[in-house]
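Quick notes on the structure that follows.
The values are calculated or read from the model by the stated rules, or taken from the named source; none is laboratory data. All figures in this text were calculated on a predicted structure; none of them were measured in a lab. Here the Cβ is made from the backbone with ideal geometry for all residues, glycine too, and neighbour counts use every protein chain on show.
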Amino acid sequence: MTVSGDGFVDETATVCKFDSTVVGPVTVQSSSVLLCESPPLAAGVYDVEISNNNEDFTLSEVQFEYYGMHGCDSGGDDNLF
């Protein structure tokens, strides 16, 4: 996901946190944009926070809604159209 803000630094300790699940390192595109890959989580709403040092996280309470993985049920027929 793309995160907009300010003060992002391109360090290996820069991470995203989805509730208590920490993901990183992230891709810092600039001091105001970073890319964070969402971890495999159950469907639901998660608070997302950012840290430049993997210790002190933002307290923005921005939420991310995860819908989970969706598959295709062919009803027993192996031919998909």
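Give me the residue from the range 59-70 that is exposed (fewer than 10 other Cβ atoms within 10 Å of the Cβ) and more than 14 Å from ALA43 (Cα to Cα) and, out of that set, modelled with the highest pLDDT.
The extreme case among them is LEU59.
Is it true that some residue in the range 34-50 is touching a residue at least 40 places away in the same chain (Cβ under 8 Å), more than 10 Å from CYS16 (Cβ to Cβ) and surrounded by 11 or more Cβ atoms within 10 Å (Cβ to Cβ)?
Residues of the range 34-50 touching a residue at least 40 places away in the same chain (Cβ under 8 Å): 48, 50.
Retained after the next criterion (residues that are more than 10 Å from CYS16 (Cβ to Cβ)): none.
No, the range 34-50 has no match at all.
Kindly evaluate ASP56 against the criterion of being modelled with pLDDT of 95 or more and either exposed (fewer than 12 other Cβ atoms within 10 Å of the Cβ) or of a type in the set (Ser, Thr, Tyr) (or both).
Working: modelled with pLDDT of 95 or more: yes; either exposed (fewer than 12 other Cβ atoms within 10 Å of the Cβ) or of a type in the set (Ser, Thr, Tyr) (or both): yes.
Judged against the criteria, ASP56 is a match.
Report the residue count in the range 2-24 for those that are assigned to a loop (DSSP other than H, G, I, E, B) and either within 16 Å of GLU65 (Cβ to Cβ) or over 11 Å from the mean Cα position of the chain (by Cα) (or both). Working first, answer last.
Quick first cut of the range 2-24, residues assigned to a loop (DSSP other than H, G, I, E, B) only: 5-14, 19-20, 24.
Okay, now just the ones that are also either within 16 Å of GLU65 (Cβ to Cβ) or over 11 Å from the mean Cα position of the chain (by Cα) (or both), so 5-14, 19-20.
Looking only at that region, the number is 12.
If a residue must be assigned to a strand (DSSP E or B) and in contact with a strand residue (DSSP E or B) (Cβ under 8 Å, 6 or more places away or on another chain), how many such residues does the range 25-69 contain? If you could, list the steps in order and put the result at the bottom.
Of the residues in the range 25-69, the ones assigned to a strand (DSSP E or B) are 27-30, 33-35, 44-51, 62-66.
Filter again for in contact with a strand residue (DSSP E or B) (Cβ under 8 Å, 6 or more places away or on another chain), leaving 27-29, 33-35, 44-51, 62-66.
The qualifying residues number 19.
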